[in-house]
1. Gaussian network model of chain B, Cα springs within a sub-10 Å range: biggest mean-square fluctuation belongs to which of B:Gln45, B:Gln118, B:Gln223?
2. How large is the charge dipole for the protein assembly as shown, taken about the Cα centre, if only the Cβ atoms of Lys, Arg (+1) and Asp, Glu (-1) carry charge, to the nearest 20 debye?
3. Over the stretch A:1-59, what per residue volume does the convex hull of the Cα atoms give, in whole Å³?
4. Going down the list B:Lys150/B:Lys203; A:Lys97/B:Lys231; A:Lys33/B:Lys2; B:Lys2/B:Lys199, which pairs span over 31 Å between their C-alpha atoms?
5. Taking a probe of 1.4 angstrom, what is the accessible area of B:Trp252 in Å², to the nearest 10?
6. If you build the convex hull over the alpha carbons only and average its shadow over all orientations, what do you get for the stretch B:283-329? Give it in nm² to one decimal.
7. Kindly report, to the nearest 10 Å², the accessible surface of B:Lys231 as traced by a 1.4 Å probe over protein heavy atoms only.
8. For peptide B:60-69, how many partner chain Cβ atoms fall within 10 Å of a residue's Cβ, on average?
There are 2 protein chains.
Amino acid sequence: MKTPVRIAVTGAAGQINYSLLFRIASGELFGPKQPVILHLLEIPQAMDHLQGIVMELEDCAYPLLYAIHPTHDPNVAFRDVDYAFLIGARPRGPGMKRADLLDANAQIFATQGQALNQHAHRNVKVLICGNPANTNCLVAIANAPELDSKNFTAMTRLDHNRAISMLAHQCGVLTSDIKCMTVWGNHSCTQYPDVYHAKVKGKPAIQLIDEQWVIDTFVPTIQFRGAEIIKIRGQSSAASAANAAIDHMQTWVNGTAHGDWASMAVPSDGIYGISKDLVFSFPVTCKNGGYEIVPDLEINKISNERLKLSEKELQEERKQIKNLLRNRK
Amino acid sequence: MKTPVRIAVTGAAGQINYSLLFRIASGELFGPKQPVILHLLEIPQAMDHLQGIVMELEDCAYPLLYAIHPTHDPNVAFRDVDYAFLIGARPRGPGMKRADLLDANAQIFATQGQALNQHAHRNVKVLICGNPANTNCLVAIANAPELDSKNFTAMTRLDHNRAISMLAHQCGVLTSDIKCMTVWGNHSCTQYPDVYHAKVKGKPAIQLIDEQWVIDTFVPTIQFRGAEIIKIRGQSSAASAANAAIDHMQTWVNGTAHGDWASMAVPSDGIYGISKDLVFSFPVTCKNGGYEIVPDLEINKISNERLKLSEKELQEERKQIKNLLRNRK
């Protein structure tokens, strides 16, 4: 057996983690020979509920689950962790304005960024799922000046998976027949699922589908899928979000397949004209535990407008929480 | 890729399935090369909620998930299925007597037994989790006269896993250090978790622990763990039950490890003096897709009293639903 890896999750008593934790502990994330130690962060008011989840994890007798550390202190939760899933976020309360919500969450991710900066393993891989994920990621990076900003990512993999599934359905193929799907931008309704580079059984997708269907149906369906799920389930996506979190982290650790890529929200380096001070979803290839943004893709006029729209939204979000970015240039 | 296997689940929109389905679809049950087709059975009133789960399953873009068939008709749900997880059951309503509950559930499992009898693959493996699981299993068997009764099992794996976890914790070892745990009897408070044959790192467990602790603490803690979880979580075990269902089916399909066994509730053949007309949890070894009850274990006086108590409870349950057993000798 290998040395156990330490995995922190936040919002540990929430619905996404109720799916995620059991899949991590079973070995789905890092395989059947990698023991794990779970660090579970929750707010003090949810510690009782978290206890029930700890008991259920124990009740699985997972051979790979070496220890469970529940805590409400970020400085304990992130100590020596190799991986961090930042899932918990403040939901919008009654009468809460968007600016208030942004600010409340930015405060949480500033604290967590500082705790990661102080306590986490220097090569920690951080995945931010809690919304607004891109901007929360930006705040966490700003508050962790001693960690490489490339250690921080935000999740657009659920959108990416939804886009693959919908295109596969439209073309009557398996999801594994779809390659090079891209979701650009913010994990919000301005996200842009881009099929212009996607391939279906090796052929350009755009040769197989009607462009008008892409514009009128595909793009808005993916953009508003989260809201649609809430309408039908009465709750936001949980098991599918947990699944995407596993996919995201697995891809980052194990790499992308040759000839394919994934979508990850990462700090922009100015590529594709996206301003450098944002966390933006790009197509990325992963290898040896690192990622590279796929360069030199041709961006057509339709796509470019969508990228700029999402960039603009992210710039506005940034403006609202800029007081929390002071810790890093 | 292999031919897809067809897997039916009942109570598809319930909490256990919200964990189970995503783990099956990801390949955790039968590995990364075995495609699956999910048959999802729900009552008509829950079909809207089920639609949300179907959407989330689609949103995972699982490469192994070839198709999803939601239905409220057992005759559609069980058509050609290779595996069936019978999870849905009527919960106890306000003012409902235990006898009414037994009867309501027996009706459900009689109908499902008949549908399996008519439509399932002749080698279908059936796991009954819905409570009262042992007696529901008995009813299903009685109503599926053309299927081998050895195709039907009920779940005590969650109890088994809990017992392993608690013993491992007490001995300060890993769960993988515990072998030959047994849970006997009914999946109810009369179940008997038996450590007298269990081994800890190859040594008899009973040499390492205090027998009084076993009697006063271990046995009742395992027997009442389900109730304890409900008290703390406000809901019954779901993710840990789903995990046990995966463990049970995996063990049945892939076999038990050399020198170890698992607990499964199966039709008694009279072994250990347990009457033949009951479904009773025994220690079993699995091989080539079949199981054998572990023979010739020495049952001490303490254990024998417990076995008889659980047998008596099952006989009483049987008496109450005997009108539904008429289809089979």
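The values are calculated or read from the model by the stated rules, or taken from the named source; none is laboratory data. Every value quoted in this text rests on a predicted model; they were computed, and no experiment measured them. No Cβ is skipped: glycine too gets one built from the backbone with ideal geometry, and neighbour counts run over all protein chains shown. Heads up: the accessible areas ignore ligands, DNA and RNA and are worked out on the full protein's heavy atoms, side chains in. Shrake-Rupley method; radii C 1.70, N 1.55, O 1.52, S 1.80 Å.
1. Its mean-square fluctuation being the largest, the pick is B:Gln45.
2. On the way: 66 positive and 64 negative charges, 13 e Å.
Dipole about the Cα centre, nearest 20: 60 debye.
3. Values: hull volume 4.4 nm³, N = 59.
Cα-based convex hull of the stretch A:1-59, divided per residue, equals 74 Å³.
4. Values: B:Lys150/B:Lys203 33 Å; A:Lys97/B:Lys231 36 Å; A:Lys33/B:Lys2 26 Å; B:Lys2/B:Lys199 38 Å.
As for pairs spanning more than 31 Å Cα to Cα, those are B:Lys150/B:Lys203; A:Lys97/B:Lys231; B:Lys2/B:Lys199.
5. Around 0 Å² of this residue is reachable by solvent.
6. On the way: hull surface 20.6 nm².
Hull-based average projected area comes out at 5.1 nm².
7. We get 150 Å² for B:Lys231.
8. Numbers: counts 15, 20, 7, 7, 3, 3, 2, 0, 0, 0.
Whole-number average of other-chain Cβ neighbours for B:60-69 is 6.
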